[in-house]
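See below for the structure under consideration.
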Amino acid sequence: VGKKITLKGTISKLEWKNPHIFYYIDTKDESGKTVTWAIEGSTPNQLYRNGWRKKDLNVGDTVTLQDSSPARDGVKKAYGGKLTLPDGRTVFSGSATTDR
């Protein structure tokens, strides 16, 4: 299993569409500069079956993403992980087989 990362920040963009959703988290790097991470989730249908609803995540929400798999080439992109929503619920943003 590869490296896993944790990100804390604010949702800056959300793309809920096939074949995979993307949401973007603005975080701060070590120098305090804002860095945007693109997080690829599973398909909208898979996420819906796992309890997600479009209204659960909105631009401006503060979230924590844990156990996400970063891109191997160093770009600020990652897949899946456990996302803690503003209401405290945790949802899985990847497929059930890879995130649990």
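No lab work stands behind these numbers, since they all come straight from the coordinates. Given the structure is predicted, the values throughout are model-derived calculations rather than measurements. Glycine also receives a Cβ, built like all others from the backbone with ideal geometry; neighbour counts cover every protein chain displayed.
Out of all the residues in the range 35-75, which are under 17 Å from K8 (Cβ atoms) and among the charged types (D, E, K, R)?
Across the range 35-75, the qualifying residues are D61, D67.
Filter the range 54-88 for residues that are free of Cβ contacts under 8 Å to residues at least 24 places away in the same chain and under 14 Å from the mean Cα position of the chain (by Cα) and give the result.
A71, K82, T84 - these are the residues of the range 54-88 that are free of Cβ contacts under 8 Å to residues at least 24 places away in the same chain and under 14 Å from the mean Cα position of the chain (by Cα).
Can you spot a residue in the range 37-52 that is among the acidic types (D, E), without any contact (Cβ under 8 Å) to a residue 12 or more places away in the chain and either under 19 Å from A71 (Cα atoms) or in contact with a strand residue (DSSP E or B) (Cβ under 6 Å, 6 or more places away or on another chain) (or both)?
Checked the range 37-52: no residue is among the acidic types (D, E), without any contact (Cβ under 8 Å) to a residue 12 or more places away in the chain and either under 19 Å from A71 (Cα atoms) or in contact with a strand residue (DSSP E or B) (Cβ under 6 Å, 6 or more places away or on another chain) (or both).
Out of the range 38-97, which residues are of a type outside the set (G, A, S), assigned to a loop (DSSP other than H, G, I, E, B) and surrounded by 15 or more Cβ atoms within 10 Å (Cβ to Cβ)? Let's see the steps before the verdict.
At the first step, the residues of the range 38-97 found to be of a type outside the set (G, A, S) are 39-40, 43-50, 52-59, 61-67, 70, 72-73, 75-77, 79, 82-87, 89-92, 97.
Checking which are assigned to a loop (DSSP other than H, G, I, E, B) leaves us with 43, 50, 52-53, 57-59, 61, 72-73, 75-76, 85-87, 89.
Answer for the range 38-97, where residues must be of a type outside the set (G, A, S), assigned to a loop (DSSP other than H, G, I, E, B) and surrounded by 15 or more Cβ atoms within 10 Å (Cβ to Cβ): N50, W52, L57, D61, K76, L85.
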